[in-house]
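*Asks:* Take a look at this one; I'll ask things after.
The values are calculated or read from the model by the stated rules, or taken from the named source; none is laboratory data. As the structure is a prediction and not an experimental result, all values here were calculated from the model. Cβ sites come from the backbone with ideal geometry, for glycine too, and all protein chains shown count toward neighbours.
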Amino acid sequence: MQSILLTPPNLVSLLRLLMAPLLLWLALQQHAQLYLLTVVVTIFTDVLDGFLARSLNQITVLGSQLDSWGDFLIYTTLALCTWLLWPELVQDYWAAWLVIVGSFTLPTLVGLVKFGSITSYHTWLVKIAVACTILSYLLLCAGLLQWPIWLAAGLCLLAATEEIAITLTLRHKRADIRSILQLRQTRDP
């Protein structure tokens, strides 16, 4: 078990889990610029763990679960930190925030109810929605552009709908399903 846990991709995922308290502390201390820089580093670790897992051929169920837990923890922390640092942005764009937070939370809850654990599909649509959301989040919080947050909300809603459809279609828990189309092409959902 120890050798499975201590793989480079899993260590990067664990590091990402540890970034959540740091992000929260930076927000509580009102260090907005350092917080945004730390968000960028945190997102880099999310990309890095998947890259390392594929390139080192160390894709594991544990790694997939660590990645999903890291995603859920970081995105929940980002929502809380945004409220702490920029409450006016949350108030001004409450509908977009509600859609984005709901789009990350609802599929998780559906997976917990159906399978008793967090799902780890890593769909293409979720990857696109996350990339758009992070970019729009950074642009909005830095005061550069506001409209991309609405695009991100729409993409998150589509991604959440697909993830829920996958969960409702599956008979047994599975990981790493790239799309509902891929799932429908398999014989045993």
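*Asks:* Exactly one of these conditions fails for Ala53: (1) of a type in the set (A, V, I, L, M); (2) surrounded by 19 or more Cβ atoms within 10 Å (Cβ to Cβ); (3) part of a loop (DSSP other than H, G, I, E, B). Give me its number.
*Replies:* (3)
*Asks:* Can you tell me which of (1) in the same structural domain as Leu170 (by TED's automatic domain parsing); (2) outside any helix (DSSP H, G or I); (3) in contact with a Leu (Cβ under 8 Å, 6 or more places away or on another chain) is the one His122 doesn't meet?
*Replies:* Going through (1) in the same structural domain as Leu170 (by TED's automatic domain parsing); (2) outside any helix (DSSP H, G or I); (3) in contact with a Leu (Cβ under 8 Å, 6 or more places away or on another chain) one by one, His122 breaks only (3).
*Asks:* Can you tell me which residue in the stretch 54-111 is nearest to Arg174 (Cα to Cα), limited to those that are of a type in the set (A, V, I, L, M, F, W, C) and touching a Cys at 6+ places or on another chain (Cβ under 8 Å)?
*Replies:* First, pick out the residues of the stretch 54-111 that are of a type in the set (A, V, I, L, M, F, W, C): 56, 59, 61-62, 66, 69, 72-74, 78-81, 83-86, 89-90, 94-101, 104, 106, 109-110.
Imposing the further condition that a residue be touching a Cys at 6+ places or on another chain (Cβ under 8 Å) reduces the set to 85-86, 89, 99-100, 104.
On the way: Leu85: 38, Trp86: 38, Leu89: 37, Val99: 26, Ile100: 24, Phe104: 18 Å.
Filtering first and then ranking leaves Phe104.
*Asks:* Mind checking which residues of the stretch 23-45 are in contact (Cβ under 8 Å) with a residue 40 or more places away in the chain, surrounded by 14 or more Cβ atoms within 10 Å (Cβ to Cβ) and within 17 Å of the chain's Cα centre (by Cα)? Quick ask: steps written out before the conclusion?
*Replies:* Taking the stretch 23-45 as the starting set, the residues that turn out to be in contact (Cβ under 8 Å) with a residue 40 or more places away in the chain are 23-24, 26-28, 30, 32, 35-36, 39-40, 43.
Of the ones still in play, those that are also surrounded by 14 or more Cβ atoms within 10 Å (Cβ to Cβ) are 23-24, 26-27, 32, 35-36, 39, 43.
Correct list: Leu23, Leu24, Leu36, Val39, Ile43.
*Asks:* Can you confirm whether Ile118 is among the hydrophobic types (A, V, I, L, M, F, W, C), in contact with a Ser or Thr (Cβ under 7 Å, 6 or more places away or on another chain) and touching a residue at least 24 places away in the same chain (Cβ under 8 Å)? Can you show your working first?
*Replies:* Values: among the hydrophobic types (A, V, I, L, M, F, W, C): yes; in contact with a Ser or Thr (Cβ under 7 Å, 6 or more places away or on another chain): yes; touching a residue at least 24 places away in the same chain (Cβ under 8 Å): yes.
Yes; evaluated as a whole, the condition is true for this residue.
*Asks:* Would you be able to tell me the number of residues in the stretch 86-105 that are under 14 Å from the mean Cα position of the chain (by Cα) and closer than 19 Å to Leu144 by Cβ?
*Replies:* Total meeting the criteria: 1.
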